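Just so it is clear, none of the values below were taken in a lab; they were calculated from the coordinates. Keep in mind it's a predicted model, so treat the numbers as computed, not measured. Note that each Cβ is placed from the backbone with ideal geometry, even for glycine, and that neighbours are counted across all protein chains shown.
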Amino acid sequence: MIIITAVLAIALFMYSVSIFLYLYRILKGPTTSDKVVALDSIGMNLVAIVALLSMLLDTSAYLDVILLIALLAFIGTVSFAKFVEKGKVIERERDN
């Protein structure tokens with residue numbers, strides 16, 4: 001049991017370090033696509049961190065939080081991709 005706890009703690013630390021590296025990529029990324037990919041990766045790393053915390057604390061209370069973070073990360077990625085492609089996120093076209 002101590003070995004599993006140690007492995008989970010090490011994985012938690014590694015995911016935290018990778019989030020800081022992705023933050024650097026967001027700040028210094030040469031293109032907008034690099035920044036969008038880094039932002040999506042941060043969202044997925046947050047999902048992994050919350051899942052690891054859930055396993056470390058031996059509770060299932062964080063599963064709704066995991067679902068919410070994953071959903072928000074997906075919506076954010078789709079919005080950024082649409083903005084990069086068309087220049088606006090919400091299109092308001094009416095047939096009047």
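Between I75, L57, V36, the Cα set farthest toward the positive side of the dipole of the range 1-86 (charges on each charged residue's Cβ, about the Cα centre) is that of V36.
Listed values for the range 11-23 are Karplus-derived 3J(HN,Hα) couplings in whole Hz (6.51 cos²θ - 1.76 cosθ + 1.60, θ = phi - 60°), namely 5, 4, 5, 5, 5, 5, 5, 5, 5, 5, 5, 5, 4, and x replaces Gly and Pro. With the convex hull drawn over the C-alpha atoms of the range 1-86, the volume per residue is 69 Å³.
Every helix of 4 or more DSSP H residues in the chain counts as -39500 (n - 2.57), and over all residues that averages to -28500 deg cm²/dmol at 222 nm.
If only the Cβ of Lys and Arg carry +1 and only the Cβ of Asp and Glu carry -1, the dipole of the chain around its Cα centre is close to 360 debye.
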